[in-house]
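Visitor: This is the structure, below, for whatever I ask next.
The values are calculated or read from the model by the stated rules, or taken from the named source; none is laboratory data. Worth saying up front: this structure is predicted, and the values here are computed from it rather than measured. Because the Cβ atoms are built from the backbone with ideal geometry, glycine has one as well, and the counts that use them run over all protein chains shown. With ligands, DNA and RNA removed, areas are computed over all heavy atoms of the protein, side chains included. Shrake-Rupley method; radii C 1.70, N 1.55, O 1.52, S 1.80 Å.
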Amino acid sequence: MYLHQLPLGSTGRITAIEGDAAWQRRLAALGIAVNQPVTLLRRAPFSNTFAVRVGTLTEVAIRAKDAATIAVEQVS
C-alpha cells in the first residue's frame with residue numbers, strides 16, 4: 001500500500017521510497033525515511049494534497065503523486 005491509500009487517521013510505517021537518490025534525500029530532509037511512522041491526518045477537499053505527521057512532531061503537506069512513491073505498511 002502507498003501513503004495516499006492509507007485510511008484517514010491511520011498510522012503506518014514507511015517500508016520503501018521509490019525514486020532516485022535525489023528524491024529520497026529531499027524526503028529525508030523532511031523527516032520522511034524508511035521505518036519512520038506516518039499518520040495521514042487530512043485530505044484537502046478540492047486538491048490532491050495530504051497533511052501527514054511523520055514521527056511524533058513533524059507535520060508536512062504532500063501531493064498525492066508524491067505520496068504515491070512512499071510505500072507503507074498499516075500499523076493501526
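Visitor: Going by the conditions given, is THR39 open to solvent by less than 60 Å² (accessible area, probe 1.4 Å), β-branched (Val, Ile, Thr), closer than 19 Å to GLN24 by Cβ and within 10 Å of the chain's Cα centre (by Cα)?
Guide: Judged against the criteria, THR39 is not a match.
Visitor: Inspect region 18-34 for any residue being free of Cβ contacts under 8 Å to residues at least 40 places away in the same chain and among the basic types (Lys, Arg) and give the result as yes or no.
Guide: Yes: one or more hits.
The rows are residues; the columns are (1) in a helix (DSSP H, G or I); (2) among the hydrophobic types (A, V, I, L, M, F, W, C).
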residue	(1), (2)
PRO7	no, no
ALA16	no, yes
ALA22	yes, yes
ARG26	yes, no
ALA33	no, yes
VAL38	no, yes
SER47	no, no
ARG53	no, no
VAL60	no, yes
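Visitor: Evaluate the following for ALA21: is it loosely packed, with under 15 Cβ neighbours inside 10 Å and either over 12 Å from the mean Cα position of the chain (by Cα) or on the phi > 0 side of the Ramachandran plot (or both)?
Guide: So ALA21 passes the test.
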